[in-house]
1. Confirm whether B:I253 is crowded, with 21+ Cβ neighbours inside 10 Å, at pLDDT 95 or above, assigned to a loop (DSSP other than H, G, I, E, B) and in contact with a strand residue (DSSP E or B) (Cβ under 9 Å, 6 or more places away or on another chain).
2. Residues that are without any contact (Cβ under 8 Å) to a residue 60 or more places away in the chain: which helices (runs of 4 or more DSSP H) entirely in the range B:5-99 hold 2 or more of them?
3. For the range B:127-147, what are the residues that are buried (at least 17 other Cβ atoms within 10 Å of the Cβ) and either within 14 Å of chain A (Cβ to nearest Cβ) or over 19 Å from B:I280 (Cβ atoms) (or both)?
4. Any residue in the range B:153-170 that is loosely packed, with under 12 Cβ neighbours inside 10 Å sitting within a Cβ distance under 7 Å of a residue that is not in a helix (DSSP H, G or I)? List the pairs, counting only those 6 or more apart or interchain.
5. Away from chain A (no Cβ under 11 Å), over 15 Å from B:L249 (Cβ atoms) and surrounded by fewer than 18 Cβ atoms within 10 Å (Cβ to Cβ): does that describe B:S217?
6. Tell me which residues, restricted to the range B:223-238, are in contact with a helix residue (DSSP H, G or I) (Cβ under 7 Å, 6 or more places away or on another chain) and in contact (Cβ under 8 Å) with a residue 40 or more places away in the chain.
7. Scan the range A:153-166 and give yes if some residue there is within 11 Å of another protein chain (Cβ to nearest Cβ), more than 13 Å from the chain's Cα centre (by Cα), not in a strand (DSSP E or B) and not acidic (D, E), otherwise no.
8. Of the residues that sit in the range A:15-35 and are within 11 Å of A:D169 (Cβ to Cβ) and surrounded by fewer than 16 Cβ atoms within 10 Å (Cβ to Cβ), which one is farthest from the other protein chains (Cβ to nearest Cβ)?
Amino acid sequence: MGNEAKRVESPLTEEVIKTLRIGDEVLLSGIIYTARDMVHTRLQEMINNGDELPFNASGSVIYYVGPSPAPVGRVIGSAGPTTSYRMDPFVPAMFEAGMRGMIGKGPRSLKVKDLIVKKCGVYFGATGGAAALLSESIVEAEVIAFDNFGPEALRKLKVKNMPLIVINDCYGGDLYLEGIDKYSEEI
Amino acid sequence: MRQIHLREITRAVRDLSIEANTIANCDLRDALEKSVSKEVSPVGKAVLGQLLKNQDIAEASKLPICQDTGFTVVYLEIGMDVSFTGGTVKDAVDQGVREGYTEGFLRKSIIKNPLTSPVNTEDNTPSILHIDLVPGDKVQITLMPKGGGSENMSRIKMMKPSDGVPGVRDFILETVKLAGANPCPPIIVGVGVGGTFDYVAYMAKKSLLRKIGVRNSDPEIALMETNWLSDVNKLGIGPAGLGGKITALDLFIEVFPRHIATFPVAVNIQCNAARVKTRIV
């Protein structure tokens, strides 16, 4: 967006995550996975049952998105973030499975923020409503599980320079709280 | 009587579904452009720039402005001198939604039955249909695809009559504050006051059909709109919730008489992808 953005590769490593601070603008490239409400319910069941997940979760970044259908000549339709708090209850299991990063919009629960610190993870914000713009950074897309969930299916995406911002870092920072502190006025 | 074949309604709803989802209205675009200079946060300015660029990409590529192409809310104002042929109005509107969402590559987001059948209807039907009978021989169709993220942050309260005007103001501010970054700010705040439990929510949503900048015709209420918009923009939430002065682009209030025992207030939040299109048949 404004400042010099950091180029980051997914899957993530602890080493890279430790370089990220709230407010950092990031251009993310590599492989990420899409999951939202219904897929998370199923993934949680699979993790609880000790079943193998349909993707390699180690160091993975999960994008909370249900894209619109791909028109002819495109790999995916519009693909902006959905609201993240709905996925909060599933975050402990996802971290257990190896997830390191999340992309969404909106604040996380205290429990999720604690886990981001404890598990050395990161929460990126993508701009809600900028779905066509974000779609431009997706170069490959493939449904890898739960095809019957339609827009909610689990997709493997290859992204190139996806514009994100660090909302919660592994040091306990929270950009949303900092933003309100800085810009709110007496009413 | 003027005869209208319902095919014409289906066709219009189809076109409006695609246009509303892919082409941003001028009032929204203008409001976002003006906000760039008013926003003091550099990140906030950058987010507003992203939203404008997103609208350009959407229109040029015929992609939806937002992947959440919403629950399709349709308002029909039917002239009393119109007689329809070719089926039922409800079926004609839903057929238009079906065609528009399928042919326009729009997301189908409707779950058939929340309690007994949690499967996607796969064509974004049914729509939510509101019908008014008005004088004349025309049909005005207004279509608003309404996203789930901002609906989730909307609230209703049956206040005590003694809570009065300050109670309404506090409830609006509390609702926007609780919503924070979730409903994709900068938002538009739609407020209904009065009526019944259901009607107050109907008014709050219907207020969102207004063009940005159009004030309530009652000067006292118009003043509340501008004052409370200014209050909302002091919350510091800002574009994308990353901090800033532009939390809302406008605030609309609609009122209706109330029962002596009740004081209903509803706040329906609209996201930065505020989509409304109208056509007259």
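1. Numbers: crowded, with 21+ Cβ neighbours inside 10 Å: yes; at pLDDT 95 or above: yes; assigned to a loop (DSSP other than H, G, I, E, B): no; in contact with a strand residue (DSSP E or B) (Cβ under 9 Å, 6 or more places away or on another chain): yes.
When the stated conditions are applied, B:I253 does not pass them.
2. Values: elements: B:6-22, B:26-38, B:42-61.
Once the helices (runs of 4 or more DSSP H) in the range B:5-99 are filtered for at least 2 residues that are without any contact (Cβ under 8 Å) to a residue 60 or more places away in the chain, what remains is B:26-38, B:42-61.
3. B:P145, B:K146, B:G147
4. B:K160/B:F263
5. Values: away from chain A (no Cβ under 11 Å): yes; over 15 Å from B:L249 (Cβ atoms): yes; surrounded by fewer than 18 Cβ atoms within 10 Å (Cβ to Cβ): yes.
So B:S217 passes the test.
6. In the first step, residues of the range B:223-238 are kept if they are in contact with a helix residue (DSSP H, G or I) (Cβ under 7 Å, 6 or more places away or on another chain); the result is B:228, B:231-232, B:235-238.
If the condition is that a residue be in contact with a helix residue (DSSP H, G or I) (Cβ under 7 Å, 6 or more places away or on another chain) and in contact (Cβ under 8 Å) with a residue 40 or more places away in the chain, then B:W228, B:D231, B:V232, B:L235, B:I237, B:G238 are the ones that fit.
7. Scanning the range A:153-166, I find at least one residue that is within 11 Å of another protein chain (Cβ to nearest Cβ), more than 13 Å from the chain's Cα centre (by Cα), not in a strand (DSSP E or B) and not acidic (D, E), so the answer is yes.
8. Residue satisfying both the conditions and the ranking: A:K18.
The values are calculated or read from the model by the stated rules, or taken from the named source; none is laboratory data. Quantities reported herein were computed from a predicted structural model and do not represent experimental measurements. Every residue, glycine among them, receives a Cβ derived from its backbone with ideal geometry; neighbour counts consider all protein chains shown.
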